[in-house]
Amino acid sequence: MTRTLPLVAAQAAPRLIGEPVSAFAEEVRAAVAHHPGTRLVVFPELHLFGDGAPDRQRTEALRDSAEPLDGPRVAELRQLAGDLGMWLVPGSVCERGPEGQLFNTQLVLSPRGELAGYYRKIFPWRPHEPYDPGDRFAVVDLGGEGRVGLNICYDAWYPETCRQLAWMGAEVILNVVKTTTPDRRQELVLARANAIVNQVFVVSLNCAGPVGRGQSLIVDPEGEVVARASGEAPEILAAELDLDAVGRVRADGTAGVNRMWSQFRPGEPAIELPVYQGRIDPAHWEPSTTVHPTHP
């Protein structure tokens, strides 16, 4: 039986800080209303943390809005996912860390209203963003419906992030974005490149204008565009991802040729990587089939 993941990616303008979650709930319901069978709905980076138009993203406003993950905002979002009975990625939120840090944290909420996983952005966009960097990668198993890797905006500019998620078994990388600058054009290239070199699906979901540059897209494991927003305006991208395509492409090769995850022969020496003070070890190269815990 083919494994598919029906998802909706909502290219939408940010909601203002402090708006009730009930208003967001109506937006989510509207996004999936015409797409029955949706199992996963995704919104852009910091979707609930807009600061006007143009969006200023003032540090004090973000800090004032931050809550711990066991706070009331996440509790309401958990309830929303449970009410909808589907997987929900409400973009990322401003999280107040256990030692007062300000994290940009992507959430995955389950159809049972649980916080299934979270990821703190490792590469804040320096020097413009005030966030403290996270220190670990995260994949989330969607209850047997597939495994997603979590990734936020500027992370995609560092190829190591997507490679790590693919090695951890991600079949789909959810790169939630809030790009307001002209480099969105380059990000579209990166989305396809990260999909190709890791043989995974990539969802690169940017916020809509007038704040963001839009141009969201969904890419398959060979770099082909599955769905694309027409511009900066709000738009819903819907796709049914054939997750078995990940295994097929890795077995048969991209374009029937390239099988990067099958590159090494038994007993070959490790390849030293001085930039990391580490190595690629052929004995540990294949993607994982084990669910990796994201956080204690």
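The values are calculated or read from the model by the stated rules, or taken from the named source; none is laboratory data. Because the structure is a prediction, the values reported are computed rather than measured. Here the Cβ is made from the backbone with ideal geometry for all residues, glycine too, and neighbour counts use every protein chain on show. Side chains are part of the model used for accessible areas, which takes the heavy atoms of the whole protein and leaves out ligands, DNA and RNA. Shrake-Rupley method; radii C 1.70, N 1.55, O 1.52, S 1.80 Å.
With the condition kept exactly as written, say whether any residue in region 242-258 is touching a helix residue (DSSP H, G or I) at 6+ places or on another chain (Cβ under 6 Å), open to solvent by 20 Å² or more (accessible area, probe 1.4 Å) and in a loop (DSSP other than H, G, I, E, B).
No, region 242-258 contains no residue that is touching a helix residue (DSSP H, G or I) at 6+ places or on another chain (Cβ under 6 Å), open to solvent by 20 Å² or more (accessible area, probe 1.4 Å) and in a loop (DSSP other than H, G, I, E, B).
What pairs come up if the first residue lies in region 192-204 and is open to solvent by 40 Å² or more (accessible area, probe 1.4 Å), the second is assigned to a strand (DSSP E or B), and their beta carbons are under 6 Å apart, counting only those six or more places apart or on different chains?
From region 192-204, the pairs are R192/V219.
Regarding region 97-109, can at least one residue be identified that is buried (at least 22 other Cβ atoms within 10 Å of the Cβ), under 19 Å from the mean Cα position of the chain (by Cα) and under 21 Å from W167 (Cβ atoms)?
yes
Any idea which of G18, G82 is over 21 Å from the mean Cα position of the chain (by Cα) and surrounded by fewer than 19 Cβ atoms within 10 Å (Cβ to Cβ)?
G18
State whether the residues of region 161-168 include one that is of a type in the set (S, T, Y) and open to solvent by 50 Å² or more (accessible area, probe 1.4 Å).
No, that holds for no residue.
Failed condition for S216, given (1) under 27 Å from A33 (Cα atoms); (2) open to solvent by 70 Å² or more (accessible area, probe 1.4 Å); (3) touching a strand residue (DSSP E or B) at 6+ places or on another chain (Cβ under 9 Å), with all others met?
Only one criterion in (1) under 27 Å from A33 (Cα atoms); (2) open to solvent by 70 Å² or more (accessible area, probe 1.4 Å); (3) touching a strand residue (DSSP E or B) at 6+ places or on another chain (Cβ under 9 Å) is unmet by S216, namely (2).
Can we say N151 is within 20 Å of L109 (Cβ to Cβ), of a type outside the set (G, A, S) and in contact with a Phe, Trp or Tyr (Cβ under 8 Å, 6 or more places away or on another chain)?
Against the criterion (within 20 Å of L109 (Cβ to Cβ), of a type outside the set (G, A, S) and in contact with a Phe, Trp or Tyr (Cβ under 8 Å, 6 or more places away or on another chain)), N151 qualifies.
When you go through (1) closer than 20 Å to E235 by Cβ; (2) surrounded by 20 or more Cβ atoms within 10 Å (Cβ to Cβ) one by one for W87, which number turns out not to apply?
Among (1) closer than 20 Å to E235 by Cβ; (2) surrounded by 20 or more Cβ atoms within 10 Å (Cβ to Cβ), the lone unmet condition for W87 is (1).
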